[in-house]
Amino acid sequence: MDNAIQMGDWYVNDWLYQYLPEVWMQILAGLFVLIMAYALLHWASSLAMRFLVGRFLQTIGKQEWLNAIKNRRVIDHLSASIPLFITGTGLGMIPVEQKTLDVISRVVLTVSLLFLFRAISAILLVFQDVVDGRKQEQGRSIKGYLQLLRLVFWCLAVIVLIAVLLNKSPLLMISGLGALSAVLLLVFKDTLLSLVASAQMSTNDMLRIGDWIEMPQSGADGGVVDIALHTVKVQNWDNTVTTIPTYKLFSESYKNWRQMFESGGRRIKRSLRIDAASVRFLSDDEIEKLSHISLLKDYLSEKKEQLAEVNQSKEAVNRRRLTNLGTFRAYANEYIKHKEGIHTGMTMMVRMMEPTAEGIPMEVYCFTSDTSWVGFEGIQGDVFDHLIAILPEMSLRLYQTPSGSDFSGAFNPQNRPKSLLE
């Protein structure tokens, strides 16, 4: 052995091995010194980086960054990479052949670079955690873009690691990928489709985290909880989770309820089916009794004046008369106009649909000012509870399919429905 063995900036003299005549003893001694040096550097660098980074981020008020860095173990990866690289410069103290030493050096450098690349990848995840944690950014997710960036980064990192390990130029390996372009396109087909879909959805603001979407062909009906590069997770109302490929949300149709919530009005569109046999003209006495209902007072007063003018020149058979169905429609219109919780700035009407074998549909069309599910159902229930209960006041009946009890009491005169005004 020479009087001094050069190993980067380190020099080891013969006296270090004067008490270790055997080569294997010298190898073990060299490994022990390097391991101890690595452990000391790892501890010192980890302690120093934690102190400096923590003090700096706390000073500028970025506690969320500090928490994310701890969770993603960025400092752990860096404190493993840098000391390993420094320790690798001392491999020359191990008395082995140069070829063996070169192989060991490349392995150590590869491992050191691996930890460094993991630290860089973790920093990207830190950025994602911080952005997703901010309230003003919860609607939009950058997870898909960061996943693509990490995918490209790790592809280049793997090429660099293989090039270092084989002692080849990375450019040669990258140029060889051209011949595999067709295979790469096939392998990354879903990734490319998802990338285009993510870009289009983000540009056109088609989907955000928290949106309620319905996609029956995929079995999705609930809120979007995660938007990634390849998949979008939807938590259904039964607390199950449906995973949808991102490109499907761009190529296939689905319903997004976000605009409904932002508009401030949620639509009620439901029909009452009136029994056609219960529709008839109102007598003068019935009109007089119904005039005491505040919501019908103005309507009936105006109608009586109009009918009196129109019917002066007509025969009795051709005279116009008020019907209980038309009066009910007018009452329902006035009721939803005065009902608390109905949005007065949006369309409100009660319309009669085409009669069918199941009765005459009387549709209520309006919007509630409360767009939440529970609030909406409460208002809708109140509206139809009242309208169903007011039907007998106007001698109207709901249509429903006859049951056994209907047939058993069909001939009992006491079962005949009566108006509360009788």
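The values are calculated or read from the model by the stated rules, or taken from the named source; none is laboratory data. The structure displayed is predicted, hence computed values, not measured ones. Backbone-built Cβ (ideal geometry, glycine too); neighbour counts: all protein chains shown.
Table for the structure above
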| item | result |
| --- | --- |
| Close pairs from region 158-180: first modelled with pLDDT under 80, partner among the β-branched types (V, I, T), Cβ under 7 Å, at least 6 apart | P170/I159; P170/V160; M173/I159; M173/I162; I174/I159 |
| Verdict on L125 being in the same structural domain as R50 (by TED's automatic domain parsing), out of contact with any Gly (no Cβ under 6 Å at 6 or more places or on another chain), farther than 25 Å from Y38 by Cα and at pLDDT 80 or above | yes |
| Which listed residue, of V364, V350, is free of Cβ contacts under 8 Å to residues at least 40 places away in the same chain, β-branched (V, I, T), surrounded by 15 or more Cβ atoms within 10 Å (Cβ to Cβ) and under 25 Å from S301 (Cα atoms) | V350 |
| Yes/no for L249 being among the hydrophobic types (A, V, I, L, M, F, W, C), assigned by TED's automatic domain parsing to the domain that holds G375 and touching a residue at least 12 places away in the same chain (Cβ under 8 Å) | no |
| Test for S294: is it modelled with pLDDT of 90 or more and either touching a strand residue (DSSP E or B) at 6+ places or on another chain (Cβ under 9 Å) or crowded, with 17+ Cβ neighbours inside 10 Å (or both) | no |
| Qualifying residue in region 95-106 (condition: in a helix (DSSP H, G or I) and closer than 30 Å to A228 by Cα) | no |
| Enumeration of residues in region 314-346 that are closer than 23 Å to E302 by Cβ and assigned to a loop (DSSP other than H, G, I, E, B) | K314, R319, R320, R321, L322, K339, T344 |
| Failed criterion for Q259 (all others in (1) touching a residue at least 60 places away in the same chain (Cβ under 8 Å); (2) not assigned by TED's automatic domain parsing to the domain that holds R321 hold) | (1) |
| Complete set of residues in region 34-56 that are surrounded by 17 or more Cβ atoms within 10 Å (Cβ to Cβ) and either more than 15 Å from S112 (Cα to Cα) or under 42 Å from the mean Cα position of the chain (by Cα) (or both) | H42, S45, S46, M49, V53 |
| Sole exception among (1) touching a Pro at 6+ places or on another chain (Cβ under 7 Å); (2) in a loop (DSSP other than H, G, I, E, B) for H292, by number | (1) |
| Single residue of Y254, Y247 found to be aromatic (F, W, Y) and modelled with pLDDT under 90 | Y247 |
| Qualifying positions in region 270-289 - assigned to a strand (DSSP E or B) and either on the phi > 0 side of the Ramachandran plot or among the polar types (S, T, N, Q) (or both) | S271 |
| R267 vs. criteria part of a strand (DSSP E or B) and surrounded by fewer than 18 Cβ atoms within 10 Å (Cβ to Cβ) | yes |
